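A.B. asks: Okay, here's the structure, questions in a sec.
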Amino acid sequence: MLDLMSIAKTEHDGGDLFELFSELFDPADIKPTGFPDAVVWKGGNHDGIVNPIAHSFTDAFALIGTLAAIDVLGLPFYGVPMWSQYRHDTKLASLAWFGNMECTSIKWSTAGDAIVNDGKGGKVVVMGKSANAPLRTQAGVFCNVRPYGPITVVRCMPCLPYSQDRAVFNVGKKNGVIHSEMNTPGIQMAYANRLFLKMVHETGKLGRVAMKPTQAMEDGINAGLHSWLLKGTKFDIGRKYAVDSYVEHKEAVDRIIALLPEDFKAGMEQWGGRIEQHISDTNYGLLLWDLIEKRDCIVLATDLDGDRLTDLLADVSDPMRAFSGIVAKHLGTDVNTAELWNEMGYTTGNGRDMTSVMYRMSGPPIHEQTLGSADAMLLRLLDGDESMGGTKQPYDPRIHFVLIRTAYLDANPDNEELRMWLDNALATFDKVYGDKRPGFIEGYKALKGAITPWGQQ
């Protein structure tokens, strides 16, 4: 059994997590290419049958929830230290280590900006903030894919319409005009556009493009790459942008095209499907209709717009269910809206089961999940009152098991024995947690007793 409370207290008190983990895990026999000084640990049963995945050891319940799950499952893994204080002390070097691991990975995040020691007796906001933006840059991430219900959102990355470069950030003294330099690598945008078209072609789902090519220069370039990729293919374009952005921005777009591999469009002449081009704002309404009508579709958006779309998709089902209850009550019927939702064939919950995958230009993808209340949950655990006097439920670690299952199946697509074992482990988790959620430590102990670790079954 891991002493999870001791680990949580060590983190909360600013203790030496690095020493603690160095005692828990062995040094790994691999290093990410180009980073000989990287710190990588290994654990679980490295049996040569299951390809391991890499975990980022970050903060709060993203940390101890992961530790509990990997201890229960016993699958082979690598771990990279990435909690806020450590990545601050190493000046984000650990992000490059993790971002260049040559295996399928899971990046756990916590919402908000952590406050860390500055090394001089003071406190500062952690360098790199949530670490997602610098990690994507370090890892060569070109998009994030989030499927939920019938809708899959493809977010171009980094594709940020705000500056990550403090050196060029300025506010004019006379006019108050904010100047920044957009961090939008065009090569990554090209890769994201191609993946979007590939997904539409292979799945047969409707493709929606969400950009503002006539209002935002960044989107103009992105739409120009999209237009260039469509040329010579069999895609059927329904709604079209009024202006062909490749024609409008040809010189700029051609500069990006010149940097792409010569075979970048190889085979695309056989790709086809239905594409609709929309101004990004309209996709909020379209998303609601797609969800209501259960229309399978894939949406391509920039990072900021894509983030807003996935936030809406994650949050909208609860108010839709609540509204259906209001309508039913008005008609004189009292219904269980959750049961009604399922009976009508809708599969989206409250967003906590929404997974995310970041694709890299080189190397396997990084599976990603953000735990919005992880810091608050950790404080409740340490205070000894996870339910806050019965007003809240204890932490639900199911997402850890769900995402771990997804990542291992991604890394081991042909291992049917592993698939069955993971399915059984998740089913056992659901039995243990049941209707009444146990406290985190009690749940961990119950799972340890109910699930036989991989390699010991």
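The values are calculated or read from the model by the stated rules, or taken from the named source; none is laboratory data. For clarity, every value in this text was computed on a predicted model and none was experimentally measured. Here the Cβ positions follow ideal geometry from the backbone for every residue, glycine too, while neighbour counts run over all protein chains shown. Calculation scope for accessible area: heavy atoms of the full protein, side chains included, ligands and nucleic acids excluded. Shrake-Rupley method; radii C 1.70, N 1.55, O 1.52, S 1.80 Å.
A.B. asks: Give the residue, chosen from Leu259, Leu197, Leu229, Leu225, that is hydrophobic (A, V, I, L, M, F, W, C) and either open to solvent by 20 Å² or more (accessible area, probe 1.4 Å) or more than 30 Å from the chain's Cα centre (by Cα) (or both).
C.D. replies: Details: Leu197 fails: either open to solvent by 20 Å² or more (accessible area, probe 1.4 Å) or more than 30 Å from the chain's Cα centre (by Cα) (or both); Leu229 fails: either open to solvent by 20 Å² or more (accessible area, probe 1.4 Å) or more than 30 Å from the chain's Cα centre (by Cα) (or both); Leu225 fails: either open to solvent by 20 Å² or more (accessible area, probe 1.4 Å) or more than 30 Å from the chain's Cα centre (by Cα) (or both).
The match here is Leu259.
A.B. asks: Does Leu300 qualify as being closer than 17 Å to Arg194 by Cα, among the aliphatic types (A, V, I, L, M) and under 24 Å from the mean Cα position of the chain (by Cα)?
C.D. replies: Values: closer than 17 Å to Arg194 by Cα: yes; among the aliphatic types (A, V, I, L, M): yes; under 24 Å from the mean Cα position of the chain (by Cα): yes.
Taking the combined requirement at face value, the residue satisfies it.
A.B. asks: Against the conditions (1) without any contact (Cβ under 8 Å) to a residue 60 or more places away in the chain; (2) among the hydrophobic types (A, V, I, L, M, F, W, C); (3) open to solvent by less than 30 Å² (accessible area, probe 1.4 Å), where does Ala266 fall short? Just the number, please.
C.D. replies: (3)
A.B. asks: Consider Gln85 against the criteria (1) at pLDDT 90 or above; (2) open to solvent by 70 Å² or more (accessible area, probe 1.4 Å); (3) over 20 Å from the mean Cα position of the chain (by Cα): it satisfies all of them except one. Which criterion is unmet?
C.D. replies: It fails just one condition, (2).
A.B. asks: Among the residues of the stretch 262-273, is any among the aliphatic types (A, V, I, L, M) and under 22 Å from Lys198 (Cβ atoms)?
C.D. replies: Checked the stretch 262-273: at least one residue is among the aliphatic types (A, V, I, L, M) and under 22 Å from Lys198 (Cβ atoms).
A.B. asks: Filter the stretch 416-428 down to the residues that are open to solvent by 70 Å² or more (accessible area, probe 1.4 Å) and either under 21 Å from Met5 (Cα atoms) or more than 23 Å from the chain's Cα centre (by Cα) (or both) and list them by number.
C.D. replies: Residues satisfying the conditions are Glu416, Glu417, Met420, Asn424.
A.B. asks: May I ask you to say which residue of Gly389, Gly345 is at positive phi and modelled with pLDDT of 90 or more?
C.D. replies: Working: Gly389 fails: modelled with pLDDT of 90 or more.
Sole residue among the options that is at positive phi and modelled with pLDDT of 90 or more: Gly345.
A.B. asks: Go through the stretch 42-81 and report how many residues are open to solvent by 10 Å² or more (accessible area, probe 1.4 Å) and among the aromatic types (Phe, Trp, Tyr).
C.D. replies: Within the stretch 42-81, residues that are open to solvent by 10 Å² or more (accessible area, probe 1.4 Å) and among the aromatic types (Phe, Trp, Tyr) number 1.
A.B. asks: For the stretch 328-360, how many residues meet the condition of being open to solvent by 60 Å² or more (accessible area, probe 1.4 Å) and either of a type in the set (A, V, I, L, M, F, W, C) or within 23 Å of Ala411 (Cβ to Cβ) (or both)?
C.D. replies: Final tally of qualifying residues: 4.
A.B. asks: I've got another one for you. So Arg380 ticks every box in (1) in a loop (DSSP other than H, G, I, E, B); (2) touching an Asp or Glu at 6+ places or on another chain (Cβ under 6 Å) but one. Which box is left unticked?
C.D. replies: Going through the list (1) in a loop (DSSP other than H, G, I, E, B); (2) touching an Asp or Glu at 6+ places or on another chain (Cβ under 6 Å), Arg380 breaks only (1).
A.B. asks: Considering the stretch 297-313 alone, what residues qualify as being touching a strand residue (DSSP E or B) at 6+ places or on another chain (Cβ under 7 Å) and surrounded by fewer than 19 Cβ atoms within 10 Å (Cβ to Cβ)?
C.D. replies: Initially, the stretch 297-313 is screened for residues touching a strand residue (DSSP E or B) at 6+ places or on another chain (Cβ under 7 Å), giving 297-307, 309-310, 313.
Within the stretch 297-313, Leu304, Asp307 qualify.
A.B. asks: When you scan the stretch 11-98 for strands (runs of 3 or more DSSP E) that lie fully inside it, which ones turn up with 2 or more residues that are farther than 28 Å from Leu447 by Cβ and out of contact with any Lys or Arg (no Cβ under 6 Å at 6 or more places or on another chain)?
C.D. replies: Because the criterion is at least 2 residues that are farther than 28 Å from Leu447 by Cβ and out of contact with any Lys or Arg (no Cβ under 6 Å at 6 or more places or on another chain), no strands (runs of 3 or more DSSP E) in the stretch 11-98 meet it.
A.B. asks: Quick one: which residue in Ser362, Ser387 is of a type in the set (Ser, Thr, Tyr) and under 30 Å from Asn193 (Cβ atoms)?
C.D. replies: Values: Ser387 fails: under 30 Å from Asn193 (Cβ atoms).
Just one listed residue meets the conditions, Ser362.
A.B. asks: Considering only the stretch 434-457, how many residues are free of Cβ contacts under 8 Å to residues at least 40 places away in the same chain and within 19 Å of Phe61 (Cα to Cα)?
C.D. replies: The qualifying residues number 2.
A.B. asks: What are the pairs with Cβ atoms under 7 angstrom where one residue, in the stretch 417-431, is of a type in the set (Lys, Arg) and the other, located anywhere, is in a helix (DSSP H, G or I)? Sequence gap at least six, or different chains.
C.D. replies: What qualifies is Arg419/Leu409.
A.B. asks: Would you call Arg146 assigned to a strand (DSSP E or B), among the charged types (D, E, K, R) and either open to solvent by 30 Å² or more (accessible area, probe 1.4 Å) or under 22 Å from Met354 (Cα atoms) (or both)? Step through it out loud before you land on a result.
C.D. replies: Values: assigned to a strand (DSSP E or B): yes; among the charged types (D, E, K, R): yes; either open to solvent by 30 Å² or more (accessible area, probe 1.4 Å) or under 22 Å from Met354 (Cα atoms) (or both): yes.
Yes, satisfied.
A.B. asks: Does the stretch 78-85 contain at least one residue that is under 21 Å from Arg405 (Cα atoms) and aliphatic (A, V, I, L, M)?
C.D. replies: Checking the stretch 78-85: at least one residue is under 21 Å from Arg405 (Cα atoms) and aliphatic (A, V, I, L, M).
A.B. asks: Right, next: Just to be sure, is Gly363 touching a residue at least 24 places away in the same chain (Cβ under 8 Å), surrounded by 17 or more Cβ atoms within 10 Å (Cβ to Cβ) and closer than 18 Å to Ala54 by Cα?
C.D. replies: In short, yes.
A.B. asks: Based on what the data block shows, is Lys431 open to solvent by 40 Å² or more (accessible area, probe 1.4 Å), closer than 18 Å to Phe61 by Cα, in a helix (DSSP H, G or I) and among the basic types (Lys, Arg)? Even if it seems obvious, please write down each step before you answer.
C.D. replies: Numbers: open to solvent by 40 Å² or more (accessible area, probe 1.4 Å): yes; closer than 18 Å to Phe61 by Cα: no; in a helix (DSSP H, G or I): yes; among the basic types (Lys, Arg): yes.
The answer is no for Lys431.
A.B. asks: Tell me, which residue of the stretch 366-395 that is of a type in the set (Gly, Ala, Ser) and under 30 Å from Val153 (Cβ atoms) is least open to solvent (accessible area, probe 1.4 Å)?
C.D. replies: Among them, the one singled out is Ala374.
A.B. asks: Residues of the stretch 105-131 being of a type outside the set (A, V, I, L, M, F, W, C), surrounded by 19 or more Cβ atoms within 10 Å (Cβ to Cβ) and either assigned to a helix (DSSP H, G or I) or under 13 Å from the mean Cα position of the chain (by Cα) (or both), which ones?
C.D. replies: Within the stretch 105-131, Ser105, Lys107, Ser109, Thr110 meet the criteria.
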